[in-house]
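Heads up, the thing below is written out as structure tokens.
The values are calculated or read from the model by the stated rules, or taken from the named source; none is laboratory data. Being a predicted model, the structure only gives us computed values, none of them experimental. Cβ placement follows ideal geometry from the backbone for every residue including glycine, while neighbour counts extend to all protein chains displayed. Accessible surface areas use protein heavy atoms only, side chains included; no ligands, DNA or RNA. Shrake-Rupley method; radii C 1.70, N 1.55, O 1.52, S 1.80 Å.
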Amino acid sequence: METNHNPFTPPIRIVASRRRRRTVAARLRSGVLELLVPDWMPRAERERWAEEMRRRLERRMQRARPSDQRLSERARALNERYLGGRLRWTSIAFADMSHLWGSCTFTTGAIRIATRASSLPEWVLDYLVVHELAHLEHSDHGPAFHELENRYPLTERARGYLMAIDQGAATP
Ligand SMILES: [Zn+2]
């Protein structure tokens, strides 16, 4: 069991709709969990769904928290999938960095990913990991380095995504 120091208990608003037949949907709006239900649904069932959706959202938010365990799993999977499984590192962990998205200490094989990157979409976080993994072989950003990082198919898109954030056009 995971310990949970911050239980997620948002105010819940139930919106009943005549047009909704069977399905239940939930969304988080300005901190309020809105539950969209068909208007025939009995109160007890609405409340059961409210609890279920609250739990699902809580799980989703926990996954988005910076977890070093999650990082090492991603690194292992990406190394296998795109880099022939040949790269070796000594540690990979989130660290507070305000200007960089990641760093790799070539000499010790220690990889750091900015804590703020933990809320990025999975495929962008994966790019950051691949980028730092590629630095285990090439400390510079030369052609051999790019050949390696471009094995991750979403590299170009992820770079564009991060560039937009760095220029203040979006928030992570
Ligand atoms: Zn780099």
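If you consider only alpha-carbon coordinates, what radius of gyration and Dmax does region 87-172 have, in Å?
12.4, 35
Once you keep just the Cα pairs under 8 angstrom separated by 6 or more residues, what percentage relative contact order results for the chain?
Dividing the mean separation by the residue count of the chain yields 14 percent.
With runs of 4+ DSSP H residues as the only contributors, calculate the mean residue ellipticity of the chain at 222 nm using -39,500 (n - 2.57) per run, divided by the residue total and rounded to the nearest 500.
-12500 deg cm²/dmol
Counting only C-alpha contacts under 8 Å and six or more residues apart, can you give the relative contact order of region 80-172 as a whole percent?
25 percent
Only bridges whose two residues both fall in the chain count here: according to DSSP, what percent of them are antiparallel, nearest 5?
Taking every DSSP beta bridge with both residues in the chain, the antiparallel ones total about 45 percent.
Under a point-charge model restricted to the Cβ atoms of Lys and Arg (+1) and Asp and Glu (-1), what is the dipole moment magnitude of region 87-156 relative to its Cα centre, in debye to the nearest 20?
The calculated dipole for region 87-156 is roughly 200 debye.
So what is the accessible area of the chain per residue, in Å², with the probe set to 1.4 Å?
Accessible surface, normalised per residue, equals 63 Å².
Which ³J(HN,Hα) values in Hz, rounded to whole numbers, follow from the phi angles of region 99-111 under the Karplus curve 6.51 cos²θ - 1.76 cosθ + 1.60, where θ = phi - 60° and Gly and Pro get x?
Couplings: 9, 10, 8, x, 8, 9, 8, 3, 6, 9, x, 9, 10 Hz.
Taking all protein chains in place and a 1.4 Å probe, what share, in percent, of the accessible surface of the chain do carbon and sulfur account for?
The value for the chain is 50 percent carbon and sulfur by accessible area.
In whole Å and largest first, what semi-axes does the C-alpha gyration tensor of region 2-93 yield when each eigenvalue is scaled by 5 and square-rooted?
After diagonalising the Cα gyration tensor, the semi-axes are 40, 16, 10 Å.
To the nearest µm²/s, what D does Stokes-Einstein give for the chain at 25 °C and 0.890 mPa s, using the Kirkwood radius over alpha carbon pairs as Rh?
Rounded, D is 132 µm²/s.
Above 11 angstrom, tally the Cα pairs of region 5-50 and express them as a % of all pairs, no decimals.
It works out to 65 percent of all Cα pairs.
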